[in-house]
Amino acid sequence: MRPPSPHHPQQLPHPSNSAPLMGPLPTGGQRKKSSKGTTGVRSWLLMDSGGKTQVMEAGKHVIMRRTGLPARDLRILDPVLMYPSTVLGRERAIVINLEHIKAIVTAHEVLLVKSADPSVSPFVDELQRRLIRHNQVTTAALEGNEEDGSKSNWTRLHDLGESQSRGESRENSPKGFSDQFDEQGRVEKNQLYGSKVLPFEFVALEACLESACSCLENEAKRLEEEAYPALDKLSSKISTLNLERVRQIKSRLVAITGRVQKVRDELEHLLDDDEDMAEMYLTEKSVERDLETNSSASSSMNEPILCDEMDDEIVQADMEIDRDAQIGTTTTNTSKQLDVQELEMLLEAYFVQIDGILNKLSTLREYVDDTEDYINIMLDDKQNQLLQMGVVLSTATLVVSALIVVAGVFGMNVRIALFKEETKIGMPKFLWTVGGGSIGSVVLFVIAIAWYKHSRLLD
């Protein structure tokens with residue numbers, strides 16, 4: 001048997017019957033040496049279709065050859081560049097960048113960027129559980145097909161998987177876990193549409209979408225729990241501490257709203273484009289490539305012998321080929337449309353969830369805006385009261401200034417009969433002058449206030 005050429009990729013076998021696609025991982029010394037001498041080397045967590053995981057050090061060129069992705073798609077997963085949420089379907093892989101999840105999904109395995117984020121570990125555990133369950137269901141379906149050779153086994157697939165999962169959980173799980181497994185560990189309905197098992201890549205994609213949506217929903221819920229009491233407290237008492245707290249909450253609200261909006265736009269873009277959804281059927285495309293490879297190999301081994309035929313037989317054969325081609329094209333388009341509808345159902349479920357989160361954040365944003373308007377109205381009312389008080393004080397100062405003018409006039413060094421000591425009428429006239437000036441000032445002040453109110457300058 002001729003060894004494969006290093007310049008031509010081999011056809012990958014099914015992961016359940018083959019060894020890992022990567023060669024042996026480098027040892028500690030080799031890994032350290034390669035990380036120093038090679039640029040772009042990064043830690044990846046590899047998870048196959050059976051749920052088995054291993055950590056490997058690989059550069060971008062190795063990942064590009066393994067997944068068939070261009071370099072620009074790998075830059076999306078770079079944690080330093082901070083790309084927005086993106087889901088891209090390519091020929092041999094799906095690139096997923098959703099919140100804390102940065103993954104490459106192929107038809108047989110999942111590559112996760114190794115991260116120190118604490119929210120990644122629960123996602124890895126959940127993804128591993130789903131892939132193990134999917135592998136069990138797929139294996140049971142294949143064994144049922146081999147035994148009966150009919151489609152009736154697909155209708156019993158859900159009951160078979162559920163009974164197996166419950167039996168294994170009760171035997172191997174600790175006490176008190178069996179009831180919880182009945183709700184969480186059974187065959188998920190979203191892995192089975194009727195009697196058809198979801199492909200491997202859709203199971204991984206669904207786990208990524210669910211983890212991202214759950215993360216955003218939890219953040220939105222925590223923000224709501226902090227925001228509403230803080231806003232109510234600010235409405236009752238305006239202080240610097242309450243204003244600073246509301247400002248921080250509003251900054252977080254703007255940030256999380258942008259993230260949720262980006263995920264929603266990405267899902268909406270996928271739902272609006274059937275071609276992008278068709279690109280995500282990696283298992284189907286892998287099977288088609290296998291069939292093409294097998295057909296080309298068989299045709300090269302069994303070359304037909306050329307012979308002369310009658311013209312009417314050639315024409316009849318051409319007509320039959322054209323008719324079969326038209327029927328095959330129609331069947332392929334119909335099945336592809338149904339497959340796209342399956343993916344569309346999967347994406348629509350999470351689109352509705354992310355749209356609900358966005359609606360909650362929009363409601364919270366409206367409440368923040370209403371609170372700001374209420375605070376501004378209160379501040380405007382306080383400012384109006386201060387302005388009115390300023391008008392009253394200015395008027396009182398003006399009236400008192402008139403009395404001060406009288407005092408200044410009498411303070412001039414002018415000789416008049418009123419200041420002579422021989423006259424005994426000086427004191428009564430002085431009292432009348434002071435009293436008259438004071439009474440006149442009060443009267444002027446009352447007249448001014450009455451005119452302000454008449455003109456609606458004061459309340």
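The values are calculated or read from the model by the stated rules, or taken from the named source; none is laboratory data. Since the structure is predicted, the reported quantities are computational estimates derived from the model, not experimental observations. All Cβ positions, even for glycine, are placed from backbone atoms using ideal geometry, and neighbour counts span all protein chains on display. All accessible areas refer to the heavy atoms of the entire protein, side chains included, with ligands and DNA or RNA removed. Shrake-Rupley method; radii C 1.70, N 1.55, O 1.52, S 1.80 Å.
What to note about this one:
- Calculated FRET value between Ser214 and Thr139, using beta carbons and R₀ = 25 Å, to 0.05: 0.30
- The heavy atoms of Arg92 present about 90 square angstrom of accessible area, all protein chains included, probe 1.4 Å.
- For Phe202, Phe430, Phe351, Phe410, the ranking by accessible surface with the largest value first comes to Phe430, Phe410, Phe351, Phe202, using a 1.4 Å probe.
- Accessible area in the full protein assembly, largest first, 1.4 Å probe, for Val446, Val137: Val446, Val137
- A Förster radius of 45 Å, combined with the Cβ-Cβ distance separating Val62 from Asp355, puts the computed FRET efficiency at roughly 0.70.
- Förster radius 35 Å - calculated FRET efficiency between Leu379 and Asp276 (Cβ-Cβ, nearest 0.05): 0.10
- Sorting Glu57, Glu226, Glu109 on solvent-accessible area from highest to lowest, probe radius 1.4 Å, gives Glu226, Glu57, Glu109.
- Rounded accessible area of Lys114 (nearest 10 Å², 1.4 Å probe): 110
- Stretch gain in nm, segment Val400-Asp78, where the contour uses 0.36 nm per residue and the Cα spacing is subtracted: 108.4 nm
- Those residues of region 116-135 whose amide nitrogen sits under 18 Å from the label point placed on Lys221, 7 Å along Cα→Cβ: 119-120, 122-123, 126
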